[in-house]
Amino acid sequence: GLKALIFDVDGTIADTERDGHRPAFNAAFAAAGLDWHWDPALYGELLAVTGGKERIRYFMQRAGITLDPSVDVEASIAALHRDKTAHYVKLLRQGAIPLRPGVLRLWREARAAGVRLAIATTTTPENVIALLEHAGEPGLASWFEVIAAGDVVPNKKPAPDIFTYALEQLDLKPEDCLAIEDSDNGAQAALAAGIRALVVTVNAYTADQDFGAAALVVDQLGEPDSPVRVLAGDLGGRAWVDLAVLTQ
Ligand code: XBP
Ligand code: MG
């Protein structure tokens, strides 16, 4: 049976990329005196690479940007990224980004049913805590037995590493778990770890990707007043994604 739900964060539980991470990167670039600016269209292309530091490196390669040979490139990227995280967490503290419809409802249902909750994400751990505490409710982070995030594994999604790490921490087998993801990179990572994936195409950046590998694809988890559109699979006659749908 289903023993744990493993959630992605960015794009899945909240719409964090376009108006969260993206402006935070731009603020860090400006503060460092760089004339780099990631508009929404460019950012959509850069999302092909997961992880903020990896994304900055990818951008520099694409744009042919080279730094002064005396500069330690990795250290510069790490410093830029630390400042980006500070800007992003500040945005979250202002309550700028809400949870997606149905997310808190499903977490409550899982807790009531004894289904364990975990996170497997590419983003930085402090971003996850700040999102849960400010978009959700105080103490929400403690609902998650495992928060597997960021650089705790060497290879980011679509590599399976972060899901494999979460399974180890939960001490569960892949077949006992279900991953909830919003992107092709995320669904591939879950599947490569042997975990079934539910894809929620809430993220405008990833909604058009090919999710052929996922069992169920919906536009949101849904609430009584927020109807779900099913793109693949079926909800077994239900109006939104609940635990019964996930265990069917
Ligand atoms: C999320 C990401 C992250 C965020 C930025 O991917 O790719 O890089 O954009 O986070 P996923 P950091 O939802 O597949 O986990 O800057 O903290 O790395
Ligand atoms: Mg995601």
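Here, each number is a calculation from the coordinates, and none is a lab measurement. Being a predicted model, the structure only gives us computed values, none of them experimental. Heads up, the Cβs are rebuilt from the backbone with ideal geometry, glycines too, and the neighbour counts pull from every protein chain shown.
One table, with the values for the structure above:
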| read-out | value |
| --- | --- |
| Fully extended contour minus Cα-Cα distance, from residue 3 to residue 93, at 0.36 nm per residue | 29.2 nm |
| Part-to-part distance (alpha-carbon centres) for the range 126-185 and the range 28-88, which is given in Å | 24 Å |
| Under 5 Å, built H, 5+ apart or other chain: amide partners of residue 99 | none |
| Of 84/157; 3/84; 53/157, those spanning more than 24 Å from alpha-carbon to alpha-carbon | 3/84 |
| Spin-label proximity, residue 111 to the range 1-24 - amide N less than 19 Å from point 7 Å beyond Cα toward beta carbon | 3-9, 13-14 |
| Within-12-Å neighbourhood charge of residue 172 [Cβ basis; K, R +1; D, E -1] | -2 |
| Point-to-point label distance, residue 231-residue 244, nm (Cα→Cβ direction, 7 Å offset) | 2.6 nm |
| Neighbourhood charge, 13 Å Cβ-Cβ cut-off, centred on residue 8 and excluding it, Lys, Arg +1 and Asp, Glu -1 | -3 |
| Relative contact order for the range 17-93, counting Cα pairs under 8 Å that sit 6 or more residues apart, in percent | 44 percent |
| Inter-probe distance in nm under a simple model that places probes 7 Å from Cα toward Cβ, at residue 19 and residue 83 | 2.6 nm |
| Whole-Å semi-axes of the range 17-93's equivalent ellipsoid (Cα gyration tensor) | 19, 15, 11 |
| Within the chain, longest stretch clear of exposed trypsin sites (Lys or Arg not before Pro) (DSSP loop, no more than 16 other Cβ within 10 Å) | 4-228 |
| For the range 116-133, 3J(HN,Hα) per residue [Karplus equation, 6.51 cos²θ - 1.76 cosθ + 1.60, θ = phi - 60°, Hz, x = Gly/Pro] | 6, 10, 9, 10, 9, 9, 7, 6, 5, x, 5, 5, 5, 4, 4, 5, 4, 6 |
| Estimated [θ] at 222 nm from DSSP helical runs (n ≥ 4, -39500 (n - 2.57)) normalised by residues in the chain, nearest 500 | -11000 deg cm²/dmol |
| DSSP bridge pairs, the range 95-248: antiparallel proportion in percent, nearest 5 | 20 percent |
| For the range 232-239, 3J(HN,Hα) per residue [Karplus equation, 6.51 cos²θ - 1.76 cosθ + 1.60, θ = phi - 60°, Hz, x = Gly/Pro] | 7, x, 8, 9, x, x, 8, 8 |
| For the range 55-67, Karplus couplings with θ = phi - 60° (6.51, -1.76, 1.60), whole Hz, Gly/Pro x | 5, 5, 4, 4, 4, 4, 4, 4, 7, x, 8, 10, 9 |
| Reachable aspartates and glutamates from residue 173, criterion Cα separation under 20 angstrom, eight or more residues apart if same chain | 8, 145, 161, 181 |
| Ordering of 170-176, 181-187 by burial proxy (mean other Cβ atoms within 10 Å per residue, highest first) | 181-187, 170-176 |
